[in-house]
Structures are given as C-alpha cells and as structure tokens.
1. A 32 angstrom limit on the alpha carbon distance is what I want to check against. Which of Lys44/Lys244; Lys56/Lys244; Lys141/Lys227; Lys101/Lys230; Lys101/Lys169; Lys101/Lys150 exceed it?
2. Find how much the distance from Lys227 to Asp167 grows on full extension, using 0.36 nm per residue of separation minus their present alpha carbon separation; answer in nm with one decimal.
3. What translational diffusion coefficient, to the nearest whole µm²/s, does the stretch 140-191 have by Stokes-Einstein, given a Kirkwood radius computed over alpha-carbon pairs, a temperature of 4 °C and 1.567 mPa s viscosity?
4. In nanometres, what is the gap between the two model label sites at Ile242 and Gln108, each 7 Å from Cα along Cα-to-Cβ?
5. Can you give me the Cα centroid spacing of the stretch 216-244 and the stretch 66-136 in angstrom?
6. Can you give me the accessible area per residue for the stretch 145-240, using a 1.4 Å probe, in Å²?
7. Taking Cα pairs under 8 Å and at least six residues apart, what relative contact order does the stretch 127-244 come out at, in percent?
8. Note down, for the stretch 36-98, the three equivalent ellipsoid semi-axes (square root of 5 times each alpha carbon gyration tensor eigenvalue), biggest first, whole angstrom.
Amino acid sequence: MKRSGFTLLLVFFLTLAAFSQKDPPAAVVSTVAADNAVALELAKNAVVAHGGDKFKQMKSVVLKGTVDVNVGNQIQTGSFSTAISGNMYYFEISLPTQAVKQIFNGEQLYASVPQFMIPPPTSVGFEVLARVGDAGYLVTKHGDDKKKGKGFRITTPDGFYTDFTVDEKSGQINGFQSSFLLPSEITVTTSAEMSSFQTVDGVLLPKKYSQRFDFGAMMAYATFQIKDTKVNPPIDATAFAIPK
C-alpha cells in the first residue's frame, strides 16, 4: 500500500508539472511579444532605409560583377551574374576552373552541382528583406543581440530563415546569416557582411559584400563586387530556361 501510495503521489506531481509547462508564464509571453515587436520595427525601418515602397515593389533585378572565391586557401577570381524576376531566378559563378549555375523557372530547380544546391535568393539572404509585411513571412527576434548585434529574423513560408543585423543609426543592413539542409543531407551555415551599397532607381542595394559558406568538412569564402545593377529590367522567361 505504501508503494502504491508513493506511485500515485509521484504520478500526481508529474502530471501537475506537465500541466504547469503547457503555457509559459504571462511575463515570458509578454517579453517575447515585446522583443518581436521591436524586431518588426527594426525590419520595417530597414525596408525604409533601402528604398521603402520602391524596394518592396521591385519586380526584377539583375546584378553582375566580379567575385573572388577562396576554397582551401586556393583563391580564384571570376565573374558572377544574378537575375531575379518574381519567384524565378538565375545565378552563375564563372571561374577559370569551373562554372557553377543554379536556376529556378518557377516550377523546377536546376543546379549544375547538385550536392551544393542552395536555397534561392527569394528564400534566404538579402532579397528576403523585401518580404517584410507579406503574408506568411514571420518577423521575430533573431537571438542574442550581444552576439549578433541589433537585428531580426525573417522566416519564410517554406521554413527557411535569415537573421539580419542592422546599423542602428542608418537602419541599413550590416549583414545576414542563415543555416539550411542540402538535399545531400549536409547542413550549411552561411553569413555575409556588407561593405558598401549603391542607390539605383531609388533602391539601396549591395555594391560589395563578403560571404562565408560552411559545409562542415569544407569552408568557402566569396567576395562579390557588383559592377552593374539594373532594377526592374524586362526579363524574358527564356532567361530562366532549364538546361536539357
């Protein structure tokens, strides 16, 4: 009987603990809500700093320039080009030893090196900033401000996230970081730091930035220098044709 009574008492306390953990204290909920409200305000201010409505209403953008790629302390200089139109995109890096290409035509995804396929720029990276306020795009606190700096996280409807840091005076984006799982089951962590911006047709876009890719067993670094930027150029759908 004593053992039975002890068991019942233990079950009672475990059940009580389980119920007590269902809902966090009101103070915690309030703090999280306040933190997320601050994050949303930072995100909105960042959108304004980068062109406001003109930035959000961009239909297409084309970026071309040079890139320095460092893999295993082997540095190569080449060129790159990016074209985004709606949810379609084209990205290519041309190096002396290899060309890396990724295309999404709105329905099908293609990567010339499938094991290193990365999410589209409409899901991860700077371009996601333009989605602030759009349905399905969640803006929350990005974590510890002391480690990352002031900023916010944007989570897309498909589950990708980008943590942005901002310059507190200008409201502009200082950098971003993210982590995602490749089809090859490799987790990639990437971060970028913005060096300079340029204004094109009322939109403030990166002019130079450095990005790190951590593939676990391999690290890659790339510094992009954008030489030519076009905002809202007409882009024919054939530009996003999947190679056969």
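1. Lys44/Lys244; Lys56/Lys244; Lys141/Lys227; Lys101/Lys169; Lys101/Lys150
2. Values: separation 60, 0.36 × 60 = 21.60 nm, distance 2.40 nm.
So the chain would gain 19.2 nm between Lys227 and Asp167.
3. Details: Rh = 11.9 Å.
After rounding, the answer is 109 µm²/s.
4. In this crude label model, Ile242 to Gln108 measures out at 0.4 nm.
5. So the separation of the two Cα centres works out to 5 Å.
6. Working: 4990 Å² over 96 residues.
The answer is 52 Å² per residue.
7. Details: 188 pairs, mean separation 14.6, N = 118.
About 12 percent, as a whole number.
8. The answer is 32, 17, 10 Å, longest axis first.
The values are calculated or read from the model by the stated rules, or taken from the named source; none is laboratory data. It should be emphasised that the depicted structure is a prediction, and the values quoted were computed from it without experimental measurement. Note: ideal-geometry Cβ built from the backbone for every residue, glycine included; neighbour counts use all protein chains shown. Ligands, DNA and RNA are stripped out before the accessible areas are found, and what is left, the full protein with its side chains, is counted by its heavy atoms. Shrake-Rupley method; radii C 1.70, N 1.55, O 1.52, S 1.80 Å.
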